[in-house]
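Each reported figure results from applying straightforward, stated rules to the coordinates on display, with no laboratory input. All values reported here derive from a predicted model rather than from experimental measurement. Glycine also receives a Cβ, built like all others from the backbone with ideal geometry; neighbour counts cover every protein chain displayed.
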Amino acid sequence: MSLTTQIDQDIKQAMLAREKEKLEALRGIKSAILLARTEKGGSDEISTEVEVKLLQKLVKQRKDSAAIYQQQNRKDLADKELFEVGIIEKYLPEQMSDEELTKIVKAAIEQTGAKSMAEMGKVIGIVSKQLAGTAEGKAIADKVKSLLG
């Protein structure tokens, strides 16, 4: 079942259950998908890889917003953003554990022969392609830094 179909079904369920916050989060996802489909150069169907990147972007935006709201002592708005993060993450592939990430990053370092932080980009590029969607970019970068640094 495609992500769009799943989102549409979940929107209907949220409407019937009168779950206002969940409905708002789901409509945000649907809106982002529709924008991706209709943007210049986009096709009517978007690939699973693009969907995953889109969802990760939405999660990152909401986490960043929540952090800003918390700094400004707006717990109510931060909680709303974090609730939406939880909803969006249900549609992402299961995130990789720290041990698995370490193992893959070590293998990529050996493969590229990277010895210093100057070669960090090579390692991140390989790992990012390999893990598409199962680990956050920031987590990958932090792990590479810790192992090379």
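Using every pair of separate Cα atoms, the Kirkwood estimate puts the hydrodynamic radius of the chain at 17.3 angstrom. Helix 48-71 versus the longest principal axis of the chain: what angle, 0 to 90°, nearest 10, using Cα atoms? The answer is roughly 80 degrees.
Net charge of the neighbourhood of S128, taken over other residues with C-beta under 12 Å away and scored Lys/Arg +1, Asp/Glu -1, is +3. By the rule of a C-alpha distance below 20 Å, with chain neighbours fewer than 8 residues away ignored, the lysines paired with K80 are K20, K22, K30, K57, K60, K63, K90.
Axis angle, to the nearest 10 degrees, between helix 20-38 and the longest C-alpha principal axis of the chain: 70 degrees.
In this Cβ point-charge picture (+1 for Lys and Arg, -1 for Asp and Glu), the stretch 1-143 has a dipole of about 300 debye about its Cα centre.
Loop exposure criterion: trypsin sites (Lys or Arg not before Pro), DSSP state outside H, G, I, E and B, at most 13 other Cβ atoms within 10 Å. Applied to the chain, the longest stretch between such sites is 41-89. Lysine pair count for the stretch 98-148 (Cα-Cα distance under 12 Å; residues 8 or more apart in sequence or on different chains): 5.
If you line up the long axis of helix 75-89 against the longest principal axis of the chain, both from Cα atoms, how many degrees apart are they, to the nearest 10? Taking Cα atoms only, the helix is inclined about 70 degrees. Sequence-distant contacts, meaning Cα pairs under 8 Å at least 6 residues apart, place the relative contact order of the stretch 98-148 at 45 percent. Of the GluC sites (Glu not before Pro) found in the stretch 22-94, those in coil by DSSP whose Cβ has at most 10 other Cβ atoms within 10 Å are E39, E45, E94. Each Lys or Arg adds one and each Asp or Glu subtracts one; over the other residues with Cβ under 11 Å from the Cβ of L101, this totals -2.
The relative contact order of the chain comes to 20 percent, based on Cα pairs under 8 Å that sit 6 or more residues apart.
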